[in-house]
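The values are calculated or read from the model by the stated rules, or taken from the named source; none is laboratory data. All values derive from a computational prediction rather than experimental measurement. Note that we place each Cβ from the backbone using ideal geometry, even for glycine, and neighbour counts take in every protein chain shown. Remember, those area values only see protein heavy atoms, side chains included, never the ligands or the DNA or RNA. Shrake-Rupley method; radii C 1.70, N 1.55, O 1.52, S 1.80 Å.
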Amino acid sequence: AFRAILKRRLERDEPGAAEQLHRAAARYLASLGMIADAAEQALAGHDVDRAATLIADVAMPMIERGDLRTLSTWLDALPSTDEPVLLRARAWVAMLTASDKAAATIAALDASGDASEARAIDLVRRAYLDDAMADVVETCDQILAAPECVSDLAAAMVRAVLAQGALKRGLFGLVHEVVRPLL
């Protein structure tokens, strides 16, 4: 409550000052390596370019940690962008949160030239969201044949799909073989 009162008073007495303070805080926090906090401040200061750069630095680690809610909020606050990392993050978040926009964000990632990652994300989407595990298991081997073409997260998720598909088919030796690199 105290923070809100101070902010209203500042906006009343010095219009635009709060925005400038948020931008200064974003720069300072970024210099300390506190990227997530800096991104939050950049968004509060309406500095979308700095926010996009900062979010791109932390997006994939946030997805890997499962911090989807915060990242989703940040990505929604940013305008559309052609930044490859942000396109990739949008596609992963949309798929992992079962968003109605998942197919469209994956298509946008594919159109941007990141076809391998888009293919891997779409495979995971079809396996889990469309409940088509049996239909996509064969595709897993094709993606894992060139794991350097996709992110570590994509390779791990494709391995999980393959392991679950093998488990459903009773191929327990294959499950162990597929899961070993994840361990």
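Among the conditions (1) surrounded by 19 or more Cβ atoms within 10 Å (Cβ to Cβ); (2) of a type in the set (V, I, T); (3) more than 12 Å from the chain's Cα centre (by Cα), the only one that T81 does not satisfy is (1). Being surrounded by fewer than 18 Cβ atoms within 10 Å (Cβ to Cβ), of a type outside the set (S, T, Y) and without any contact (Cβ under 8 Å) to a residue 12 or more places away in the chain: is that true of D130 here? Yes, satisfied. Taking segment 46-62 as the range and being among the basic types (K, R) and modelled with pLDDT under 90 as the test, no residue passes.
Of all residues in segment 102-156, those being assigned to a loop (DSSP other than H, G, I, E, B), over 25 Å from D76 (Cβ atoms) and out of contact with any helix residue (DSSP H, G or I) (no Cβ under 6 Å at 6 or more places or on another chain) number 3. One residue is enough: does segment 15-28 have a residue meeting the conditions at positive phi and outside any helix (DSSP H, G or I)? Yes, there is a match, as at least one residue in segment 15-28 is at positive phi and outside any helix (DSSP H, G or I). Please work out if A120 is open to solvent by less than 50 Å² (accessible area, probe 1.4 Å), modelled with pLDDT of 90 or more and not β-branched (V, I, T). Yes, satisfied.
For residues in segment 71-100 being in a helix (DSSP H, G or I), free of Cβ contacts under 8 Å to residues at least 24 places away in the same chain and not hydrophobic (A, V, I, L, M, F, W, C), which is farthest from A42 (Cα to Cα)? Applying the filter and picking the extreme gives R90.
Scan segment 85-104 and give yes if some residue there is in contact with a Lys or Arg (Cβ under 6 Å, 6 or more places away or on another chain) and among the small types (G, A, S), otherwise no. Yes, the conditions are met somewhere in segment 85-104.
From the list R12, R65, exactly one residue is farther than 30 Å from R126 by Cα, free of Cβ contacts under 8 Å to residues at least 60 places away in the same chain, surrounded by fewer than 19 Cβ atoms within 10 Å (Cβ to Cβ) and not hydroxyl-bearing (S, T, Y). Which is it? After applying the criteria, what remains is R12. Scanning segment 15-45 for residues that are exposed (fewer than 13 other Cβ atoms within 10 Å of the Cβ) and modelled with pLDDT of 85 or more returns Q20, A24, S31, L32, G33.
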